[in-house]
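Structure, as structure tokens:
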Amino acid sequence: MGLFMLKILVRTVFSLVLIGSILLAKDIPLVKNIDIYVPYKEFSVIEFPFKIKGYAFTPFVYKAKVKDKKIELAPTYATPSLEKTPSSVSEKVIRATKNKLAAKKPATPIDVAKGDNFFRLYPKKIGKTELLVWGYKEYPIMIKLHVTKDVTKYDKQIKFLDYSIKETKAEKFESTGHDRVVIKISKALFLNTLPQGYRNHSLRKEYISNDLHVRLTKTITGKRYKGEEYILTNESSDTITLVAEMFEGKGIYGVTFINNILVPKSSTRVFIVRER
């Protein structure tokens, strides 16, 4: 395989310390009920793998201070309207009545923009609501939507995926023999391609292992296998030789180094294939 130094059935992984992670977008399998957290006073997007045919929000529940105590309120944010007006009422009176009703309307807790298959949200209150979405062939999707300031909880981009469609293709890709599958996944990581039926995940992590700075830059998953790409940087003043025995852990099938000799401050790509 040229640059590849493939180690099949390696049973050996880093002893790592997590120093940070960034989640660019969150991929979620389609389920009937799910809790989702979105940021307060920031835009977020919820995307579906189907055309939205209908949707409904429950009244927004938020906390308000009353005599220095917090209580939960559940106002209904309906838009007042004049459906019937006597013909004898002048246009001036009609406009005045509409303005009066509009002035009584509560502030909208979430600004919502809808596309064919997504919602764009801009919450203006901290609280919660439920969103029921129709359009998926199997069942409606019920989302318990929480608005929060906690950066460790919320996601700005949520993408639902129908995993059942891809699993059949992934199963076919993985049916060519174990060793061959490990090689094909490693090659796909090297070439930045995606095997048939596999999914890309946007999780990014950084680790420190002794004098190695390790960054997880890519994860792809199929039905039974997972491939990961790491960037290893030698932060020491000595040359480091990478060997397969540096890797240990259950379910590790293959480790590939682009370059296993790291002089100080140099980097290399490392590909790991493991059990999903």
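Distance between the C-alpha centers of the stretch 234-266 and the stretch 32-53? Whole Å please.
40 Å
Using a 1.4 Å probe over the heavy atoms of the protein chains, calculate the carbon and sulfur portion of the accessible area of the stretch 142-234 as a whole percent.
48 percent
Calculate the FRET efficiency for Arg215 and Lys153 from the Cβ-Cβ distance with a Förster distance of 30 Å, rounded to the nearest 0.05.
0.80
In nm, give the distance between the simple-model label positions of Arg120 and Asn260, each being 7 Å from the Cα along the Cα-to-Cβ direction.
The answer from the label model is 5.1 nm.
Given a 1.4 Å probe, how much area per residue of the stretch 139-228 is accessible, in Å²? Kindly include the intermediate steps, with their values, before the conclusion.
Values: 4560 Å² over 90 residues.
Roughly 51 Å² per residue, with all protein chains present.
Please tell me which of these pairs span more than 30 angstrom C-alpha to C-alpha: Lys128/Lys250; Lys51/Lys153; Lys156/Lys250; Lys41/Lys223; Lys53/Lys169; Lys114/Lys223?
Lys128/Lys250; Lys156/Lys250; Lys41/Lys223; Lys114/Lys223, as the Cα separations exceed 30 Å there.
Take Tyr40 and Met142, extend 7 Å from each Cα along the Cα→Cβ direction, and tell me the distance between the two endpoints in nm.
A separation of 2.7 nm, rounded to one decimal place.
The values are calculated or read from the model by the stated rules, or taken from the named source; none is laboratory data. Because the structure is predicted, anything quoted here is derived from the model rather than measured. Please note: Cβ atoms are built from the backbone with ideal geometry, for glycine as well, and neighbour counts cover all protein chains shown. SASA here: full protein model, heavy atoms, side chains in, ligands and nucleic acids out. Shrake-Rupley method; radii C 1.70, N 1.55, O 1.52, S 1.80 Å.
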